[in-house]
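First up is the structure itself, then whatever we jot down about it.
The values are calculated or read from the model by the stated rules, or taken from the named source; none is laboratory data. What you see is a predicted model, and the numbers here were worked out from it, not measured in a lab. Glycine also receives a Cβ, built like all others from the backbone with ideal geometry; neighbour counts cover every protein chain displayed.
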Amino acid sequence: MSKNAWLVATGFSLIAVCYGFARFAFGLFLPRIDADLSLSPTLSGLISGGSFLGYCLTIVLAAVLTERIGPRAVALTAALVAALGMTGIALASSALWLAAAVMLAGASTGLVSPPLAAAVSAAVPADRQGAANTIINAGTGAGVVLSGPVALAMGGQWRLAFALFAALAFAMAIAAARFVPRSSPAGSNRAGGLPPISASLKRLIVASLLMGAGSTAIWSFGSQLVALRLEWRDTGAGVLWMVTGAAGIAGAAAGTLVARFGMDLMHRLFLLAMAAGMLLIGFESTTPALTLIGGALFGAAYITISGIYLVWGVSALPERPATGLMICFLTLAVGQTAGSPLFGLIMDRLSAGYAVAIFAGLTLCAGSSGTVPLHSAWRKRFRKA
């Protein structure tokens, strides 16, 4: 394969490990972890929120470091942090230990995205960068779908599963050192500080904040919802995760869809699909078939929307791609940090049905401010790719 193909494959795999395993797989194993460590829904929501908090704390640092020392060192660090965090989860003996390990594992996701965006800008021809970025972003779906068979094969042995995930993260550190370019795009290392917050970036911040909060209904509590509604345990939750992740791989087409149909239409359409998926999984009278359809809708919509936000942020700041990505993914994670404990609290105090309905509404509100037309240069890039 060419150097660019190896970069995209490495980026896709790094995202799968850091997002699919280190961040989102925790929700798959949460019912078993709750039982083993005697966690309440509110406490498990706070711990889940720690993963998103770790992301928030590191994504800003990652953008700065990428512009100063280059993408390779930061991507390598992300893989190592993911490995250490998931090793900590595998060894956790108390809620406090688990919370610290979950936050460390979540920090890897903040570290990994900015250097990959910068690596693509530095190494991939301009007319292929949009496609490369959205393919790499779809690695989240691959990580989620792979975590399902692991859960099934290990019969809910979450400690063993996270030990395996940690080993894969160590392997990806070697790949990052080999295939991620050392240098950032020309000129990016001379930039500094926060860029001017344009009207486009303000709308992006609001949209990603609300979508991130809404998504925690499934990423943090999906396994608990199917256990409550359908009495699904390890096997059923694993199947749901595989369906969600497999559908999420379709998010690789986000750049093409934006170029063909426009950012605003695709954004609102997939927000509607995401909210519908949440309701199908979480409403009281759901069935196994509707739950799996809901998982497919949620997975495809979430990864596609995050790809849209990636394109939106990078195209808004073409000279500073790591910073553009940082802004959109940081606010998405802030929403997830706040959303996870809030969902657990509403579920504790009211009911799961109320919590799902409220969070589906938050998701739909993300489309209320609209987006902006994609810059003509970026539209040409996607079409040519």
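Annotations for the structure displayed:
- Region 189-208: number of residues that are surrounded by fewer than 22 Cβ atoms within 10 Å (Cβ to Cβ) and either in contact with a Lys or Arg (Cβ under 8 Å, 6 or more places away or on another chain) or at pLDDT 75 or above (or both): 10
- Residue 9 vs. criteria aliphatic (A, V, I, L, M), at pLDDT 90 or above, out of contact with any Pro (no Cβ under 9 Å at 6 or more places or on another chain) and crowded, with 17+ Cβ neighbours inside 10 Å: no
- Some residue of region 57-70 being basic (Lys, Arg) and more than 29 Å from residue 153 (Cα to Cα): yes
- Whichever residue in region 87-126 is hydroxyl-bearing (Ser, Thr, Tyr) and not in a loop (DSSP other than H, G, I, E, B) and, among such residues, is farthest from residue 164 (Cα to Cα): 121
- Residues of region 271-317 classified as among the charged types (D, E, K, R) and under 30 Å from residue 121 (Cβ atoms), total: 0
- Subset of region 228-239 (residues that are hydrophobic (A, V, I, L, M, F, W, C), more than 18 Å from residue 340 (Cα to Cα) and assigned to a helix (DSSP H, G or I)): 230, 237, 239
- Any pair with Cβ under 6 angstrom, 6 or more apart, that starts in region 87-101 at a residue that is within 17 Å of residue 54 (Cβ to Cβ) and ends at one that is of a type outside the set (Val, Ile, Thr) and assigned to a loop (DSSP other than H, G, I, E, B): 98/92; 101/92
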